[in-house]
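Participant: Supplied in structure tokens, the structure appears directly below.
Nothing in this text is a laboratory measurement; each read-out follows from the coordinates by a stated rule. As the structure is a prediction and not an experimental result, all values here were calculated from the model. For neighbour counting, all protein chains shown are included, and Cβ atoms are generated from backbone atoms with ideal geometry for every residue, glycine included.
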């Protein structure tokens with residue numbers, strides 16, 4: 001079973017069309033990613049700060065299937081996929097849980113481990129690599 | 001006991017100084033307000049959309065006492081205060097729960113019930129007025 | 001020549017890694033889209049509000065090539081591409097202008113004209129269709 | 001004459017009520033603050049990153065007088081006010097320029113120069129102190 005993150009849609013997530021602004025689906029998936037790493041024992045406070053070794057998003061894609069409104073309950077599943085020793089992907093599925101459960105979006109991000117000093121790709125940190133392998 | 005909302009600080013809440021961007025404290029308090037209304041049985045999907053009757057924030061103030069970082073756990077308490085038949089305030093206290101509980105910010109918002117058609121203040125909707133009175 | 005939008009990176013665009021948070025590249029491209037429509041004479045205040053006819057983003061994708069920091073100057077080019085009578089795409093190129101001009105990201109969005117009442121796809125509004133055709 | 005910053009309201013600034021979300025007024029004022037510092041020759045890329053010396057916002061307040069919608073043109077004036085050798089305030093006035101110019105909000109922030117290592121207040125950096133004195 002993939003890691004699952006539950007969340008409610010709030011007013012700050014929305015835009016003037018009355019629904020969640022499409023880039024915010026990625027922000028919510030990033031929350032799910034952070035919770036998955038924390039659940040696996042990684043120190044997210046340390047990981048998501050400005051260091052020499054960073055693991056930024058190099059690619060993203062999304063299919064938006066249904067709108068989300070204030071008060072909607074959602075569940076996001078998080079599935080890491082190994083790519084190379086320096087990189088991995090995450091596949092997300094975002095379900096709207098009310099009134100009946102429906103898939104609302106599919107998203108994907110690719111992450112590349114990078115040394116800011118060396119200005120080149122470096123192997124993933126071991127704890128992150130272990131999390132990716134566990135899928 | 002005032003309504004309390006628990007939340008974790010996530011990466012999208014932060015800025016390049018490595019901490020939560022100060023306007024985002026208000027966004028988190030608005031989440032707590034929505035949860036408090038939902039817990040009292042109000043339909044927040046309906047309430048926070050574009051209608052004739054809106055209850056926008058007319059004033060806000062905040063004292064920021066401690067920074068918040070990715071992974072921090074927080075609790076926000078929500079205390080509504082009656083002002084007039086057309087308006088109310090909410091006092092928020094935001095506590096950082098780790099490593100030991102500390103008050104991290106005090107915020108306040110004032111809300112005014114307004115008819116967009118009439119372009120004037122109108123009495124609070126009854127369900128909202130009841131929530132304010134319960135304090 | 002495609003429409004071009006100039007902008008400075010500000011602190012609210014950034015995250016705790018010290019650079020622009022990746023979903024915010026889409027928010028900045030949406031700003032460029034709005035400016036392109038306004039320059040073509042469309043009423044964006046009307047277009048981007050909650051109506052029966054909405055034109056939400058159905059797909060998005062991005063390649064992030066370089067980080068962006070507070071104070072960076074950027075230029076975003078906006079190229080609409082016809083897809084069907086109900087839909088179109090926009091290809092964006094985001095250039096960082098300092099210290100020398102470099103491509104920083106390529107993004108793409110697909111938009112589908114939809115009637116909320118009919119719950120189905122409908123032809124693009126004429127003014128929008130004309131903007132898409134002009135490329 | 002105080003420094004003035006011109007800006008258009010965009011879709012990402014708004015919420016499901018169809019207007020700018022109230023915390024985003026502070027984000028727009030922070031943009032104006034950054035532009036004022038850059039115009040005075042300060043290195044904002046350096047200033048707004050994670051260093052030992054930070055100058056966070058310790059207090060904020062706002063009066064919201066008029067709503068702002070997608071496409072609205074605004075002007076924000078920025079007036080720094082000296083407080084102590086370690087702190088200063090900024091008074092902002094936000095004007096909506098269309099259809100006729102009207103004051104839309106008054107905001108205020110207080111900033112305290114702090115050493116993260118010493119965990120105490122320290123004098124403002126000289127370039128910032130000079131900017132504050134010029135008013």
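Participant: Using a label point 7 angstrom from Cα along Cα-to-C-beta, what distances in nm, from shortest up, separate residue D:89 from the other copies?
Facilitator: Computed spacing set for this position: 1.7, 5.4, 5.5 nm.
Participant: Could you give me D for chain C, from Stokes-Einstein at 20 °C and 1.002 mPa s, where the hydrodynamic radius is the Kirkwood radius over C-alpha pairs? Units µm² s⁻¹, please.
Facilitator: Roughly 137 µm²/s, to the nearest whole number.
Participant: State, as an integer percentage, the relative contact order of the range C:61-103 based on alpha-carbon contacts under 8 Å between residues 6 or more apart.
Facilitator: Once divided by the residue count of the range C:61-103, the mean separation gives 37 percent.
Participant: Please state the relative contact order of chain D as a whole percent: Cα pairs under 8 Å, 6+ residues apart?
Facilitator: Relative contact order here is 28 percent.
Participant: Also, I was wondering about something else. What's the angle, to the nearest 10 degrees (0 to 90), between helix D:23-39's Cα axis and the longest principal axis of chain D?
Facilitator: Helix D:23-39 sits roughly 60 degrees off the main axis of chain D.
Participant: Moving on to the next point. Just which residue of chain D brings its Cβ nearest the axis of rotation onto chain A, and by how many angstrom, rounded whole?
Facilitator: D:50, 3
Participant: Can you tell me which of D:47-57, C:98-108 comes out highest on packing, and rank the rest after it, using the mean Cβ neighbours within 10 Å?
Facilitator: D:47-57, C:98-108
Participant: Let me ask something else. Defining the label point at 7 Å along Cα→Cβ, can you sort the distances from residue B:51 to the same site in each other copy, shortest first, in nm?
Facilitator: Copy-to-copy label distances at residue B:51, shortest first: 2.4, 4.8, 5.0 nm.
Participant: Using the Kirkwood radius built from alpha carbon pairs, what does the Stokes-Einstein equation give as D for the range C:60-135 at 37 °C and 0.692 mPa s, in µm² per second?
Facilitator: Estimated via Stokes-Einstein, D reaches 232 µm²/s.
Participant: Right, another one. Shape call for the protein assembly as shown from the C-alpha gyration tensor, a ≥ b ≥ c root eigenvalues: rounded (a/c under 1.5), prolate (a/b greater than b/c) or oblate?
Facilitator: rounded
Participant: Going 7 Å from Cα along the Cα-Cβ axis for the label, what nanometre distances separate residue D:134 from the same residue across the other copies?
Facilitator: Spelled out, the distances from residue D:134's label point are 4.0, 5.4, 5.4 nm.
Participant: Across the residues of C:74-81, average count of Cβ atoms on other protein chains within 10 Å?
Facilitator: 0
Participant: Suppose each label sits 7 Å from its Cα in the direction of the beta carbon; what would the residue C:52-residue B:83 distance come out to in nanometres?
Facilitator: Computed distance between label sites residue C:52 and residue B:83 equals 3.8 nm.
Participant: Still on this model: Any chance you could run the full-extension gain for residue D:106 through residue D:134? It's 0.36 nm times the residue separation minus the Cα-Cα distance, nm to one decimal.
Facilitator: 8.0 nm
Participant: Now for a separate question. Set the Förster radius R0 to 30 Å, insert the Cβ-Cβ distance between residue A:115 and residue B:73 as r into 1/(1 + (r/R0)^6), and round the FRET efficiency to 0.05.
Facilitator: Rounded to the nearest 0.05, the efficiency is 0.45.
Participant: Partner chain Cβ atoms within 10 Å, averaged over the residues of A:52-62 - can you pull that number for me?
Facilitator: For peptide A:52-62, the averaged partner shielding equals 5.
Participant: Please find the FRET efficiency linking residue C:122 to residue D:65, where r is the Cβ-Cβ separation and R0 is fixed at 41 Å, and quote it to the nearest 0.05.
Facilitator: 0.60
Participant: What order do you get for B:5, B:33 when you list them from fewest to most C-beta neighbours inside 10 Å?
Facilitator: Lowest to highest Cβ neighbour count: B:5, B:33.
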